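I have placed the structure first, in the form of structure tokens, so that the comments after it can refer back to it.
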Amino acid sequence: MAADFPEHRTPEHMEHVTRRVVLKRAGALAVALGALEAVGPFSYLPQRAIAATAPSDIQFDISAFLSVPPQTYGSGVQFQMPPVHTVFLTATLQGTPTKAGQSAVSRAVEVLEKYYPWSAAQLVTFVAYGLPYFARLPGGLTGSLVSSHMPRLASDSSRYVLEEAKPGPTDVSPANPGISKLRYTVNVAIEQNDMLFMLRSDDPNILADAVAWLGGSDKLRGQAVASPAFGGLLQFTSSRHMFIQMGLPKSLAQQNGLPFANFIQHQSPMWMGFADQQVNGSGPAAICTFAGNSSAHLTTAKTGDYFDNGAVQHLSHVILDMLQFFDMSSATSPPGTDGVFTERVQYMFHAPNIAPGSTDQYTDGGGPSLLPNDNRGTGYAARTAQGIGTNNGEHRMGHLSCLQRTSRAADGTPIHLRMDGPGLDSMDVPGGATVPKLQFTVFVPSADFFATMRTSQASLDLQQKYGVSPTDNGLERFITATRRQNFLIPPRRHRAFPLVELA
């Protein structure tokens, strides 16, 4: 890694205790622990101050707790780096949500926050709920309890803000006959979890301690603390680890002998070599809530409603075909002409290329990682699809151009807040190899809004209308989503089993 970044932590800085033994009772959680042990030693602890404020009622509004102002890293573009490590824990309930269960979930998050104060340097906790949870409540999804409190679309009051995820237009699915991927043709699964716990921290030891405690270690921060009484209440179904830090993907690629390691940019916090934590790339937390803000209000929710400061959280698990991204026909072959920097930067951002790159278009990414997230407007993808303003009149579209068709309010403010980042694991990989992943989560005002944005990302309508080759359409061919689900992340004041107290 370049000298302007702190040294990596070495393995002896990680606690190697008997967490794996503890988690045999909750095997799904052991996956996250293993990932933290594998990745943690190569990350470092950022310098952060403890925020002198209380957590927001908007659970995912963590900006005040990053305690570090946006940085440019010499690029002239502002980036805000989130907590380094994140663990996603999905779970199903064993029966009807009860007040006793509500108390158990409330105690669990309160105890975690007592031992690890709420901050990026310590621990950040979110809790969200899927449609199966709401279906378990008295009366189910159509009963008076849910229907009288669940916000609806402002554009169609017959539809809830929370609808189940569906396959994206380029996902491998029976719903998309003819869609396949070069290496990872894996059908997307629409998961049916009741709950999603999201734990974030700069320190992998803190996360490992919290995960072990949730799994039954009865120990927290070195003290005897009874683990949550989750037995008979819920069962964890999966755990996923995400990491975001400047230079960490390249370091891990080198450590694991990945064949494209030399082609990953040394500053990049993402596998594909381009940072996407630009400050102007996501909206303020409030615009993503059901109550909205002055820029956009897409639901029937009003301030003071039960779910006013809630939002829809989409979670997906994505395999990245990095060999294809660098146009490598095999692990031992050199990158090809479609893998040069000027091509890759167009796949990611806009056409024509927004930066020329280096003379060597491959080594160390072939160009800079820290580039601006310019808003080119809703019609830019259609123009480049027609070859207007592109290099040599090429018909092509960038990933960002396509998203901007529907991702922003009329005043240009993004109506989404992404918290996505790299992963490195074997989940859902044919043959079980450990490969780069994108752990993707985003907060939006409705499931419908995300579905529309995902359709724009694919832009198959423009691809067909203007004769754009699939090899010139953004990032679609390089990504395989294997799991998707939508959740409702309630306001912090209702984060434990929402609506149960009203039943």
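Think of each Lys and Arg Cβ as +1 and each Asp and Glu Cβ as -1; about the Cα centre, that makes the dipole of the chain roughly 860 debye. In sequence order, segment 400-414 has phi-based couplings of 5, 4, 5, 4, 6, 4, 9, 8, 10, 6, 4, 8, x, 6, x Hz under the Karplus curve 6.51 cos²θ - 1.76 cosθ + 1.60, θ = phi - 60°, and Gly or Pro positions carry x. In order along segment 302-310, the Karplus-derived 3J(HN,Hα) couplings, from 6.51 cos²θ - 1.76 cosθ + 1.60 at θ = phi - 60°, round to 10, 4, x, 5, 4, 9, 3, 8, x Hz, and Gly and Pro are given as x. Only helices enter this figure: runs of n ≥ 4 DSSP H residues, each worth -39500 (n - 2.57), summed and divided by the residues of the chain, yield -5500 deg cm²/dmol at 222 nm to the nearest 500. Farthest toward the dipole's positive end in the chain, which of 33, 393, 281, given Cβ charges of +1 (Lys, Arg) and -1 (Asp, Glu) about the Cα centre? The listed residue farthest towards the positive side: 33. Among residues other than residue 356 with Cβ under 13 Å from its Cβ, the summed charge is -1 (Lys and Arg +1, Asp and Glu -1).
Each of 167, 264, 190 was placed along the dipole of the chain (beta-carbon charges, centred on the mean Cα), and the one lying farthest toward the positive end is 190.
Amide H to amide H, with H built 1.01 Å from N, residue 237 comes under 5 Å of 90, 91, 92, counting only residues 5 or more places away or on other chains.
Phi-derived couplings, Karplus 6.51 cos²θ - 1.76 cosθ + 1.60 at θ = phi - 60°, listed residue by residue for segment 417-427: 9, 8, 9, 9, x, x, x, 8, 6, 10, 4 Hz, with x used for Gly and Pro. Using the average count of surrounding beta-carbon atoms within 10 Å as a protection proxy, the listed peptides 37-49, 416-428 rank, highest first, as 416-428, 37-49.
Amide H contacts of residue 159: 153, each under 5 Å away and 5 or more positions distant or on a separate chain (H built 1.01 Å from N in the peptide plane; Pro and chain starts excluded).
May I ask for the percentage of alpha-carbon pairs in segment 11-491 that lie more than 28 Å from each other? When every Cα pair of segment 11-491 is considered, 52 percent fall beyond 28 Å. Identify the residues of segment 249-285 with backbone N under 14 Å of a label point that sits 7 angstrom from the Cα of residue 73 along the Cα-to-Cβ direction, or state none. Answer for this model: 249-252, 264-279. Relative contact order of segment 11-491, taken over Cα pairs closer than 8 Å and 6 or more residues apart, is 21 percent. Near the amide H of residue 351, within less than 5 Å, lie the amide hydrogens of 398, all on another chain or at least 5 residues away, with H placed in the peptide plane. Working ranking of peptides 445-453, 372-380 by packing, defined as the average number of other Cβ atoms within 10 Å per residue, highest first, is 445-453, 372-380. Only lysine pairs 8 or more places apart, or on different chains, with alpha-carbon atoms under 28 angstrom apart are counted in segment 11-491, and they number 15.
Taken together, the values in this text are just the output of simple stated rules run on the coordinates, not laboratory data. The shown structure was predicted, so the numbers you read here are calculated from the model rather than taken from an experiment. Glycine gets a Cβ as well: all are built from the backbone with ideal geometry, and neighbour counts include every protein chain shown.
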